[in-house]
Every structure is written in C-alpha cells, then in structure tokens.
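Take a look at the structure set out below.
Here, each number is a calculation from the coordinates, and none is a lab measurement. Just so we're clear, the structure is a prediction, and the values are computed from it rather than from any experiment. Neighbour counts are summed over all protein chains in view; Cβ atoms, including those assigned to glycine, are modelled from backbone coordinates with ideal geometry.
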Amino acid sequence: MPASLPFPCRVCAGESGERQSGAWHCDRCGWRLGDAPDADLPRPRIDVVYYLRYRDRVKIGTSATPRRRLAAIMHDELLAFEPGDRRVEHERHVEFADLREGGEWFTLTGALAAHVDAVRARVGEPWAAYDRWLGDAYRRLSS
Ligand SMILES: [Zn+2]
C-alpha cells in the first residue's frame, strides 16, 4: 500500500512509497529512502528525446537537462519522453520528414501522432519515467 514517505526522496523528491523489508522505497523512482546518492558520484546523465506540443505542432528534440530545456521552450504540453540522444532524435526527424514544418517542429498527425501514443503507452507519464531512469542510473553508479 503506497503511503506518505517520512521525508521526500533524495533522488526525485517523490513523496509516496512503500515499506519493504524494513526500508521505505520511493514509488516514483524506486530509490531506497535514506540511501543518499553518494555525494562523490556525478549526477547520472539521462538523455531523452522529448515530444513537446504547441497547438497542433510538436517539437521533437533531445536534452540531457530536460527540466531546464523545456522551461525555455513555449509549449502547451509535454506529450512523451523516449530514452535517446541525438542519434534517436535524428532518426525521428528523418522518419517524420514529410510532416516537418520547419526547424524541429512537426505537424502532430498521422504516423507521428501514432508514434507519440505508442511511446506514451510503453514509457508512461514522462516525468515519472524520467525519475525511474534517474533512480536506475543512480543504482547502477553506486553498485
Ligand atoms: Zn524517488
């Protein structure tokens, strides 16, 4: 049963979780509460391809610092994150080239709309997914 954590998760600031074998685990990222990410570890780099909707258009871009990046782009809604860097971003730009309006903006319709739906179905809510990937990367770094 998810419950309120005694203090926010140090990886993702999540506030709910479950108690398993005597320790709290964050719901959002799976990190064990109270295990601080080692201060000597660099913050893991998580590259994401983002799908950002503004009206009937979507921007397909990539960032390793999506919170900062998205705050700088006018948009109505973050539709999805897909794990990937410049290479995946480029593949998508080629794949949906016939829907390109200019720069990294594409018309949100047809094959692109179906792709965004499929990514969302596979990956889930984008920020929850990002926090999961961050928790996984911290666990890999510290093991
Ligand atoms: Zn967490």
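Does segment 104-131 hold any residues that are more than 12 Å from Leu52 (Cα to Cα), crowded, with 18+ Cβ neighbours inside 10 Å and within 16 Å of the ligand (Cβ to nearest atom), and which are they? Residues satisfying the conditions are Ala129, Tyr130, Asp131.
Note on segment 100-143: residues that are of a type in the set (A, V, I, L, M), part of a helix (DSSP H, G or I) and without any contact (Cβ under 8 Å) to a residue 60 or more places away in the chain total 8. Here Phe96 meets each of (1) in contact with a strand residue (DSSP E or B) (Cβ under 6 Å, 6 or more places away or on another chain); (2) under 30 Å from Cys12 (Cα atoms) with one exception, condition (2). For segment 50-89, a residue qualifies if it is crowded, with 17+ Cβ neighbours inside 10 Å and in contact with an Asp or Glu (Cβ under 7 Å, 6 or more places away or on another chain), and the qualifying residues are Arg57, Lys59, Ile60, Gly61, Thr62. Whenever a residue of segment 1-27 is on the phi < 0 side of the Ramachandran plot, its partners that are near the ligand (Cβ under 8 Å from one of its atoms) and among the aromatic types (Phe, Trp, Tyr), lying with C-beta atoms within less than 6 angstrom and at least six residues away or across chains, give the pairs Cys9/Trp31; Val11/Trp31.
For segment 1-54, a residue qualifies if it is farther than 28 Å from Asp76 by Cα, of a type outside the set (A, V, I, L, M), within 11 Å of the ligand (Cβ to nearest atom) and in a loop (DSSP other than H, G, I, E, B), and the qualifying residues are Pro8, Cys9, Arg10, Gly30, Trp31, Asp35, Pro37.
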